[in-house]
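Enquirer: What follows is a structure written as structure tokens; I'll ask about it next.
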Amino acid sequence: MSDQDTFKKIISHAKEYGFVFPSSEIYDGLGAVYDYGPNGAELKRNIKDFWWKSMVQLNENIVGLDAAIFMHPKTWKASGHVDAFNDPLIDNKDSKKRYRADVLIEDHVEKMRQKVNKEVEKGRAKFGESFDETQFRATNPNVLRSQEKIDQVEGRAAASLASGDLADIKALIEEQGIACPESGSKNWTDVRQFNLMFDTKLGSVAGDAATIYLRPETAQGIFVNFLNVLNTSRQRIPFGIAQIGKAFRNEIVARQFIFRMREFEQMEMQFFVRPGTQKQWYDEWKKRRMAWHRVLGTAEANLRWHDHQNLAHYADAAVDIEFNFPFGFKELEGIHSRTDFDLSRHQELSGKKLQYFDPELEQNYIPFVVETSIGCDRTFLAVLCQAYCEEDLGDDKSRVVLKLPPALAPTKVAVFPLVRKDGLPEAALAIFNDLRFEFDCAYEEKDSIGKRYRRMDAIGTPYCITVDHDTLIDQMVTIRERDSMAQERIPVSRVREIVRERVDMNSLLKQL
Ligand code: GAP
């Protein structure tokens, strides 16, 4: 089964089991906008909870904020979004399909990389145990030739994007023979810039003054509140402000399910530091954020770093943490050293001093900022893709199981009476009613026990408790673990404590 087939299955599984629905589906949906169903809402809430606790609760020098989506329009002038938050857009004249020119080039480079990887795999098959991949990549003429081409294409694209040379981007697309993925046609328009912000009108006042934007990042709400937080929270530099909230971008290429949405949620943290120490904090936050992903159970092989060559207008260093989605390694989180760009610009346009008096240095300065910015929806997708598993159980039986980290699972524990009579439902309901105060629980009595297990596997419920006739005599129940399907008998009196030990988010947080 190809990765694309797996991805299609994950999307339909997400819909079938109430995780993600296309928005306003009864009207045929709305491009790149999605709704989270009952299980999706819980999973997303747990992801946000894990992020918030690990950033705000565990760090005395990070505080939270919940800023409005609407902001004064000057915010976006100051931040550079009005003038520079553009994507290079290109249309195919034959298929009439619209693309991001940089993404067309990125996809082309990814295909070149896959060819190199195939070459490496051939080498591995040929040389067997003695194969040294690093040496092969450094010496094999085919690999070296292809790698040189990749570097050339990437370098040129980065330079032309940075200098705004859109004619060269078009030339590169044509020289590389990049075709429209839909039609195969190479008949392209010129490349032009497209601003990604959505605008709307505030109140009943007409004219330009009333035009405001839906925020394209949550970060600016943090910058404009820098002084408010500083003056009210007793924080001293270095300190951070964290926020979770909606952001909006009129993405040209809406695809890959909830990977690229027009309305999405970000979990961002701006860390304000003394100028000159930003490199040290940038390295520190790179380390801490990678550790967060690993603690969440993301396999090391599914994560990698991607240093930005084409730096955003506000950054002096930037790196992405990429996840191996079914459609390849793509950005999951960005860590950016944003210098004093944003605070300086807001100081300039607002006329308000956004400075910090450093008592140790006895001097005022505009702090530098290191930002960690992760998409909640992308994290959701990464968690879902990594958890999705089809298992052959033998005897022509199979199951789909979501091996979610237990602390993130929408339902932590399900309670079943083996049959719907003989006092078993009453005994099971007593356990359920005790557990529901502490965990998201389910109670089910319909269908065979096997079917009920399968339903819970499909939504990633880590534990199922079954009450049978023996329970009424010995006060013991069966607890079944989702991944191993192992079953053990435990006393009713210990169910709550045993489930807590195994699903508790605190055990993850303690590993950070
Ligand atoms: N404040 C910095 C900033 O917004 P970004 O790299 O543009 O940086 C940060 O976005 C994160 O937000 C990304 O790593 C990604 O996870 C998420 N994100 C960005 N655009 C998105 C979109 N259209 N749909 C879903 N998530 C998105």
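Enquirer: Assigned by TED's automatic domain parsing to the domain that holds His313, in a helix (DSSP H, G or I), aliphatic (A, V, I, L, M) and out of contact with any helix residue (DSSP H, G or I) (no Cβ under 9 Å at 6 or more places or on another chain), is that true of Val56?
Expert: It is true that Val56 is assigned by TED's automatic domain parsing to the domain that holds His313, in a helix (DSSP H, G or I), aliphatic (A, V, I, L, M) and out of contact with any helix residue (DSSP H, G or I) (no Cβ under 9 Å at 6 or more places or on another chain).
Enquirer: Could you tell me which numbered condition Gly394 fails, if it satisfies all but one of (1) open to solvent by less than 20 Å² (accessible area, probe 1.4 Å); (2) at positive phi?
Expert: (1)
Enquirer: Still on this structure: If I go through the stretch 320-350 residue by residue, how many of them are buried (at least 20 other Cβ atoms within 10 Å of the Cβ) and of a type in the set (Val, Ile, Thr)?
Expert: The number of residues fulfilling the criteria is 2.
Enquirer: Being crowded, with 16+ Cβ neighbours inside 10 Å and of a type in the set (Val, Ile, Thr) is the filter here; which residues of the stretch 16-32 pass it?
Expert: Val20
Enquirer: May I ask you to list the residues in the stretch 154-199 that are of a type in the set (D, E, K, R) and assigned to a loop (DSSP other than H, G, I, E, B)?
Expert: Kept after step one, since they are of a type in the set (D, E, K, R), are these residues of the stretch 154-199: 154, 156, 165, 168, 170, 174-175, 182, 186, 190, 192, 199.
Hits for the stretch 154-199 are Asp165, Glu182, Lys186, Asp190.
Enquirer: Is there a residue being open to solvent by less than 30 Å² (accessible area, probe 1.4 Å), in contact with a strand residue (DSSP E or B) (Cβ under 6 Å, 6 or more places away or on another chain), part of a strand (DSSP E or B) and within 13 Å of the ligand (Cβ to nearest atom) anywhere in the stretch 271-280?
Expert: yes
Enquirer: Please go through the stretch 1-15 and give me each residue that is open to solvent by 50 Å² or more (accessible area, probe 1.4 Å) and either in contact with a helix residue (DSSP H, G or I) (Cβ under 8 Å, 6 or more places away or on another chain) or closer than 22 Å to Phe329 by Cβ (or both), ordered by number.
Expert: Across the stretch 1-15, the qualifying residues are Met1, Ser2, Asp3, Gln4, Asp5, Lys8, Lys9, Ile11.
Enquirer: Among the residues of the stretch 351-374, write down those that are open to solvent by 50 Å² or more (accessible area, probe 1.4 Å) and not in a strand (DSSP E or B).
Expert: Gly351, Lys352, Lys353, Gln355, Pro359, Glu360, Leu361, Glu362, listed by residue number.
Enquirer: Residue check, Asp283 against (1) under 26 Å from Pro367 (Cα atoms); (2) in a strand (DSSP E or B); (3) acidic (Asp, Glu), all met but one. Which one?
Expert: It is condition (2) that Asp283 fails.
Enquirer: On the given criteria, is Asn39 open to solvent by less than 50 Å² (accessible area, probe 1.4 Å), more than 30 Å from Asp199 (Cα to Cα) and in contact with a Phe, Trp or Tyr (Cβ under 6 Å, 6 or more places away or on another chain)?
Expert: Here the answer is yes, as Asn39 does meet what is asked.
Enquirer: Name the single residue, out of those in the stretch 460-506 being basic (Lys, Arg) and loosely packed, with under 15 Cβ neighbours inside 10 Å, that is farthest from Phe439 (Cα to Cα).
Expert: Restricting to residues being basic (Lys, Arg) and loosely packed, with under 15 Cβ neighbours inside 10 Å, the top hit is Arg489.
Enquirer: When the residues of the stretch 375-403 are narrowed to those that are modelled with pLDDT under 95 and out of contact with any strand residue (DSSP E or B) (no Cβ under 8 Å at 6 or more places or on another chain), which ends up nearest to the ligand (Cβ to nearest atom)?
Expert: Step by step, filter the stretch 375-403, then rank; the result is Lys397.
Enquirer: Just to be sure before I move on: is Glu251 within 17 Å of Leu332 (Cβ to Cβ) and near the ligand (Cβ under 9 Å from one of its atoms) in the structure I sent? Even if it seems obvious, please write down each step before you answer.
Expert: Working: within 17 Å of Leu332 (Cβ to Cβ): yes; near the ligand (Cβ under 9 Å from one of its atoms): yes.
Here the answer is yes, as Glu251 does meet what is asked.
The values are calculated or read from the model by the stated rules, or taken from the named source; none is laboratory data. This one's a predicted model, so the numbers in the text were calculated from it and none came from an experiment. Cβ sites come from the backbone with ideal geometry, for glycine too, and all protein chains shown count toward neighbours. Each accessible area value is taken on the protein alone, full model and side chains, heavy atoms only, with ligands, DNA and RNA left out. Shrake-Rupley method; radii C 1.70, N 1.55, O 1.52, S 1.80 Å.
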